[in-house]
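In what follows, a structure is listed as structure tokens, so that the remarks can point back to it.
What follows is calculated from the coordinates using simple rules that are stated; it is not laboratory data. Just so you know, these numbers come straight off a predicted model, no measurement behind them. Heads up, the Cβs are rebuilt from the backbone with ideal geometry, glycines too, and the neighbour counts pull from every protein chain shown.
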Amino acid sequence: MELYAGVARFDITPDYPVSLLGYFNDRISTEILDPLYCRLLALSGNGAHILIVQIDTCLVPTSDAEYLRSEISGATDFGPDQILICTNHSHTAPALADFFEVKAEKRYRRELFGAILEQVRRLKPLIPCTVHAASTSAPGLSHNRRWFMKNGTVTTNPPRGGTGRVMPEGAVDDGVEVIGLIDPKGEPLVLIVSISNHTDTVGGTGISADWTGCMERAVRKGMGENVTVLPLIAPQGNINHYDFDTFLNQTSPEEADRIGRAYAGIVLSGWGESRHLTVDRLGALFRCVEIGPREVDARTLQRAREILEHTVQSPEEADLKAEDLETPEVQHLFARELVTFYESKPVTYHVPLQVLYMGEVIFCAIPGEPFVEIGLELKRMLLSVPDGAPYSASTEPGGTVIPVALANGYFGYIPLEDCFDRGGYEVRPGRNNCLSRNAAGIVTAELKSMVRSTRAG
């Protein structure tokens, strides 16, 4: 099958102050540390089409993702089910959603979606290309952020260097999957890079694409300025970059640069071992599954109402981030979110799941932040790896499953069902953290079924 590609990469950095999404309080941008981009990859072959829209932003609400897919479909040859919209999850980019104290930047959203539509209308998949793949690993750059404590509970981002920690609750995914599209001259046109890690290393009030932007700049320096690096964030709901055995500052632009350069070095080194893949099919599947709302027991609800009576709201000047989860200000926000969610939750949520396939490379799109174990289970299903055995980066023998988090919308964290009774930030109910305890099982089973359907056909 002849495969054709079209690629676009354009600057989406606002030139005016905006609210940054990712922390609990409202942060207004004060500077631009590095630019934000939107990247488009259009593919066609044998009359089939798929489109990936990757945006340097924290998240896109589900209703906005649905709207954008519909608008693109109405203006192009891409059907709405053939369009994947995903983000790099930068915590220092303009807010596209209401989140705790942060309000969506409506002007920026309007300008962004207009720019995406304009670029997609002009994009034509006309460049003949071949596909190569490389699989490698990046040990030590990501860590499970949920820890068993000596008191028997689980804490998210416990005090670094503290003595109360026992062991991480779960695994990490060190795998780095690279899918490259090569033009007729033998030059890489696009590198799709899949990595499981949180994109929250910069902090502060400067606009930044975080470590994914640093990674792209370093890869382009090593491979050529014409290559577009398209980052796909793999399931990372319980993963981040914090090394809990050090007191060193791990939130700064320098930290983003360190991690981005490290990933770039791994990508460039691994690409030397890349191999050609045969692409004999191209297509997409899209299904909506019904998942109930997050369960709230009477004791938890009563405790939230008591907190609201005895604590104060978050001060606007505070910089409340992932390491401040136990402060009274953040606890007040959690309680408010829980009560509001409980009083307004729907009977069920319509959760979009999507599979794109390009030969034996299969992308599984998940609208939220799944725990890493979900991604590992999806990756294992096409490999000769027994259930429960550790995953090791490989594309042999059956193909490559690339789970994509933060895709086609956002329903918050998707923890494993066993995690809910242990505590931690990710299991707290709220308007942006809203799916039932059984969501992980439903999502995983449905995506497995969809992947098998693509192979059966």
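Overview of values
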quantity	calculated
The chain - share of DSSP beta bridges that are antiparallel (%, nearest 5)	75
Rounded if a/c under 1.5, otherwise prolate or oblate - region 1-149, Cα gyration tensor axes	oblate
Between 0 and 90°, nearest 10: helix 253-271 axis offset from the chain longest Cα axis	30
Shape category assigned to region 208-316 from the gyration tensor of Cα positions, a/c cut at 1.5	oblate
Exposure proxy ranking, count of Cβ atoms within 10 Å, fewest first, for R258, R303	R303, R258
Angle in degrees between helix 62-75 and the longest Cα principal axis of the chain, rounded to the nearest 10	20
Principal axis box of the chain, alpha-carbon based, largest edge first, Å	66, 52, 45
DSSP beta bridges in region 1-86 [antiparallel fraction, %, rounded to 5]	80
Karplus (6.51, -1.76, 1.60) ³J(HN,Hα), θ = phi - 60°, over region 111-120, in Hz, Gly and Pro reported as x	5, 5, 5, x, 5, 5, 4, 4, 5, 5
Debye equation applied to the C-alpha atoms of region 73-230, log10 I(q)/I(0) at 0.10, 0.13 Å⁻¹	-0.57, -0.91
Residue order, fewest to most surrounding Cβ atoms within 10 angstrom, among T92, T87, T444	T444, T87, T92
Three-way shape label, region 102-182, alpha-carbon gyration tensor, a/c 1.5	oblate
Ellipticity estimate at 222 nm from DSSP helix runs (n ≥ 4, -39,500 (n - 2.57)) divided over the chain, nearest 500	-8500 deg cm²/dmol
